[in-house]
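The values are calculated or read from the model by the stated rules, or taken from the named source; none is laboratory data. Remember, predicted model here, so these are calculated numbers, not experimental data. Reconstructed Cβ throughout: ideal geometry from the backbone, glycine too, with neighbour counts over all protein chains shown. Remember, those area values only see protein heavy atoms, side chains included, never the ligands or the DNA or RNA. Shrake-Rupley method; radii C 1.70, N 1.55, O 1.52, S 1.80 Å.
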Amino acid sequence: SVMNIFQAAVLGVLQGLAEFLPISSSAHLALAPWLFGWQDPGLGFDVALHLGTLAAVLWYFRQEWARLLAAAWRVIVQRGARTAEEWRVIYLIIATIPGGIGGLLLNKYAESAFRSPALIAAALIVLGLMLWSVDRLAPHTRPLDSVRWTDALFVGIAQVFALIPGVSRSGSTMTAGRALRLDRQSAAVFSFLMSMPITAAAAALEVPKAIRAGGFGAPMVVGVIASAISGWLAIGILLRYVSRNNYAAFAIYRLVLGAAVLFIFFTRG
């Protein structure tokens, strides 16, 4: 096969860890084959790995999803929102809309032009610096329940930039959340919750294509399982970590990785 089970497992673990840590999963998935000289499995495989991270975020927040689902039903029945949970459903929908529109408009660039190592490295560095400075400077006075529709829209627009590999969906949305003065854990939880609709939509569009192209075999199954387990671990690790620490470690990692990629890119010619 084009891709062996070991490579699929490595990419699955990278996807799971990097999807929820603000370090860009698309960068890691595009860079790993380039660095190791593997054949690039392509966007279809990358999206299939998102089934694993989707399972992780559904399982980790399963009680929250049950409450949100019940709240969504009440919103429909009573044609409006009253409780904090009901409003959160509406805000998550608002936060998802810009990324959905951006994805439909920019999808063809995401598959080709955006996958250049130099662009990925630049995005890693620039957003790393933004994450670091925003996290250092913004007060963290606001809990999750203080999110309003304007906040949700702002974080949703930030998510659009994550179509560029290296930006990081969780990185851009956590940076936006911190810019809105959300405390570190609330910024992370909102980012994780809003990953579900957009990931599910992308998977629903792309996974059938990948299967039709004959890409669904043992490697893909292994990759999806690896990304589910590592994604579940990454959510727990990040939420525990940011309850006591700032985001600086992730910013430093992004700067070092970006610099290393640029160095390799320009020395390889």
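Calculated accessible area for the stretch 57-169 comes out at 55 Å² per residue, all protein chains present (probe 1.4 Å; ligands, DNA, RNA ignored). Using the Karplus relation 6.51 cos²θ - 1.76 cosθ + 1.60 with θ = phi - 60°, the per-residue 3J(HN,Hα) values for the stretch 129-146 come to 5, 5, 4, 4, 5, 4, 5, 6, 8, 6, x, 10, 9, 9, x, 4, 5, 8 Hz, with x marking Gly and Pro. Calculated mean residue ellipticity at 222 nm for the chain: -27000 deg cm²/dmol, from DSSP H runs with n ≥ 4 weighted as -39500 (n - 2.57), summed, divided by the residue count and rounded to 500. Within the shell of other residues whose beta carbon sits under 13 angstrom from the beta carbon of residue 129, the net charge comes to +1, with Lys and Arg scored +1 and Asp and Glu -1. The charge dipole of the chain, taken about its Cα centre with unit charges on the Cβ of Lys, Arg, Asp and Glu (plus for the first two, minus for the last two), comes to roughly 420 debye. Using only Cα coordinates, the Kirkwood hydrodynamic radius of the stretch 15-159 works out to 17.8 Å.
Overall, the stretch 50-196 carries a charge dipole of about 140 debye about its Cα centre when +1 sits on the Cβ of Lys and Arg and -1 on the Cβ of Asp and Glu, all other atoms neutral. With all protein chains kept in place, the per residue accessible area of the stretch 178-262 amounts to 43 square angstrom at a probe of 1.4 angstrom. Annotation: extensible slack from residue 84 through residue 116 equals 7.3 nm (criterion: 0.36 nm per residue apart, minus Cα-Cα distance). Under the rule a/c < 1.5 gives rounded, and otherwise a/b versus b/c splits prolate from oblate, where does the chain land using the Cα gyration tensor? Oblate, because a/c is 1.5 or more while a/b does not exceed b/c. For the stretch 115-269, a/c is not less than 1.5, where a ≥ b ≥ c are the root eigenvalues of the C-alpha gyration tensor, and a/b does not top b/c. That puts it in the oblate class.
Comparing 118, 154, 26 along the charge dipole axis of the chain, the residue lying farthest to the positive side is 154, per the Cβ-charge model. Averaging Cα coordinates gives a centre for the stretch 12-91 and one for the stretch 127-193; these two points are 15 Å apart.
Inverting the pair-averaged 1/r between distinct Cα atoms of the stretch 90-191 gives 13.8 Å as its Kirkwood hydrodynamic radius. Taking only protein heavy atoms and a 1.4 Å probe, the accessible area of the stretch 40-86 is 64% carbon and sulfur. Which FRET efficiency value, to the nearest 0.05, do you get for residue 36 and residue 101 by plugging their Cβ-Cβ distance into 1/(1 + (r/R0)^6) with R0 = 35 Å? For residue 36 and residue 101, the calculated efficiency is 0.50. Cβ-Cβ distance of residue 5 and residue 133, R₀ of 45 Å, FRET efficiency by 1/(1 + (r/R0)^6): the value works out to about 0.60.
Within the accessible surface of the stretch 202-269, defined with a 1.4 Å probe on protein heavy atoms only, the carbon and sulfur portion equals 73 percent.
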